[in-house]
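> Attaching a single structure in structure tokens format; questions to follow.
FYI, it's all coordinate maths here, none of it is from the lab. Only a predicted model underlies this, so the values are computations on that prediction, with no experimental measurement involved. For neighbour counting, all protein chains shown are included, and Cβ atoms are generated from backbone atoms with ideal geometry for every residue, glycine included.
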Amino acid sequence: MLLREVEYARPSSVEEAIQLLAGHEGARALAGGQTIVNVMKARAASPDVLVDLNRLDGLRAISVAGETLQLGAMATYTQIMASSEVEVSRPIVAEVAAQIADVQVRNRGTIGGNVCSNDPTNHLPPLLVALGATMTIRGESGERTVSADDFFLGVYMTAVAEGELLLSISVPAAANAADGFASVTIGRDGTCIASAAACLAGDSVRVALGCVDAVPVLLSPTSSDENSVRQAVESAVIDPPSDVHASSDYRRHLAAVCAVRAVQKASERS
Ligand SMILES: Cc1cc2nc3c(=O)[nH]c(=O)nc-3n(C[C@H](O)[C@H](O)[C@H](O)COP(=O)(O)OP(=O)(O)OC[C@H]3O[C@@H](n4cnc5c(N)ncnc54)[C@H](O)[C@@H]3O)c2cc1C
């Protein structure tokens, strides 16, 4: 289907991008276009102005500052997979980016677009919650940071308000933490039916479930043993959706399977 007519702007600075987003009520950022263009084709959203971020090279930067990995919002999955900074400081981010869809999607899709669309089946929202990431957002009134726990508000809804831009995502370097990710997907490269990310650091066990709610569900099992992890999923207050791929009960079952596998992978690395 053809797109509805839409205005297009290609700013050359972050300030200009924010001015454009704040100055037009129906303006939306265009990153890799892998979600928004499909959503526009399906007429599920129809922004009046697309503000293309692809000229903002500064937003693609990946760096390490002290104990923190800084990922620019426009860093693509392919770039993340090839980054020595990611490999050294938090390799799970590259490992999971490599599992997203196919090479075309990985070449265009960005970490910022992935989290800003907050499709509950996306790979990165639960991972970034488990890792305790922080998002930096800028609008006309200045810059603020929001923890990943508070960033995801609902399906396609995040803490990035109209007129604002996600600039970067900060992930603590692994130090003595060990991470794991597991998913059940539709086919080899397909969408997740259930997913879980785990982070073990000392006595702390953080597990974030994907696909079972509108936002990632963070659990803190009392230990990394299988029973504790299963119990944490079983006692979570969730009502997973039912669809053609899995009933609600089956999705809850898969969530426990993924959580146990993610924690096992993390344990093997600790
Ligand atoms: C065939 C196919 C299969 C896919 N399979 C998977 C999968 O298995 N797992 C997975 O995780 N994803 C999957 N995706 C989605 C893909 O990862 C997208 O790339 C991602 O969800 C959106 O990133 P994008 O850079 O393309 O963002 P866009 O589509 O350009 O933007 C998405 C949304 O985020 C907003 N946005 C983008 N960047 C910013 C910013 N910096 N600040 C504020 N708002 C911003 C846009 O306005 C828009 O609303 C798939 C996509 C396709 C086409």
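> What's the center-to-center distance, using Cα atoms, between segment 127-142 and segment 19-46 in Å?
Centre-to-centre distance over Cα atoms comes out at 20 Å.
> Per 0.36 nm of contour for each residue apart, how much would the distance between Asp249 and Arg4 grow if the chain were fully extended, relative to their Cα-Cα spacing?
84.3 nm
> Just from its helices, what would the mean residue ellipticity at 222 nm be for the chain, if runs of 4 or more DSSP H residues each count -39500 (n - 2.57) and the sum is divided by every residue, rounded to the nearest 500 deg cm²/dmol?
Per the formula, -9000 deg cm²/dmol.
> What residue among Ile238, Ile193, Ile111 shows peak mean-square fluctuation when the chain is described by a Gaussian network model with Cα springs under 10 Å?
It is Ile238.
> Got the relative contact order for segment 72-192 handy, in percent, Cα pairs under 8 Å and 6 or more residues apart?
28
> For Leu219, enumerate residues with amide H under 5 Å from its amide H, sequence gap 5+ or separate chain, H modeled in the peptide plane.
Residues meeting the amide H criterion: Val207, Ala208, Leu209.
> Okay, moving on. Per-residue counts of other Cβ atoms within 10 Å, averaged by peptide: what ranking do you get for 41-49, 156-164, highest first?
156-164, 41-49
> For Val184, what charge total do you get from the other residues with a beta carbon under 15 Å from its beta carbon, if Lys and Arg give +1 and Asp and Glu give -1?
+2
> Now, a different point. With Cβ to Cβ distances under 10 Å as the rule, what net charge do the other residues near Met135 carry (K, R +1; D, E -1)?
0
> Right, next: If you take all C-alpha pairs in segment 1-135, what percent of them are over 19 Å apart?
Summing the P(r) tail past 19 Å for segment 1-135 gives 52 percent.
> Out of Leu69, Thr191, Ala236, whose Cα points farthest toward the positive end of the dipole of the chain (charges: +1 Lys, Arg; -1 Asp, Glu; placed on Cβ)?
Comparing the listed Cα positions along the dipole, Thr191 ranks first.
> Can you tell me the 0 to 90 degree angle between the C-alpha axis of helix 248-269 and the longest principal axis of the chain, rounded to 10?
80
> Relative contact order of the chain, please, whole-number percent, based on alpha carbon pairs below 8 angstrom and at least 6 residues apart.
16
> Still on this model: Which whole-number percentage describes the relative contact order of segment 159-270, with Cα contacts under 8 Å and a sequence gap of 6 or more?
Relative CO of segment 159-270 lands at 30 percent.
> Could you give me D for the chain, from Stokes-Einstein at 10 °C and 1.306 mPa s, where the hydrodynamic radius is the Kirkwood radius over C-alpha pairs? Units µm² s⁻¹, please.
84
> Using modelled backbone amide H atoms (1.01 Å from N, in-plane), which distant-in-sequence or interchain residues come within less than 5 Å of Gly109's amide H?
HN-HN under 5 Å from Gly109: Tyr77.
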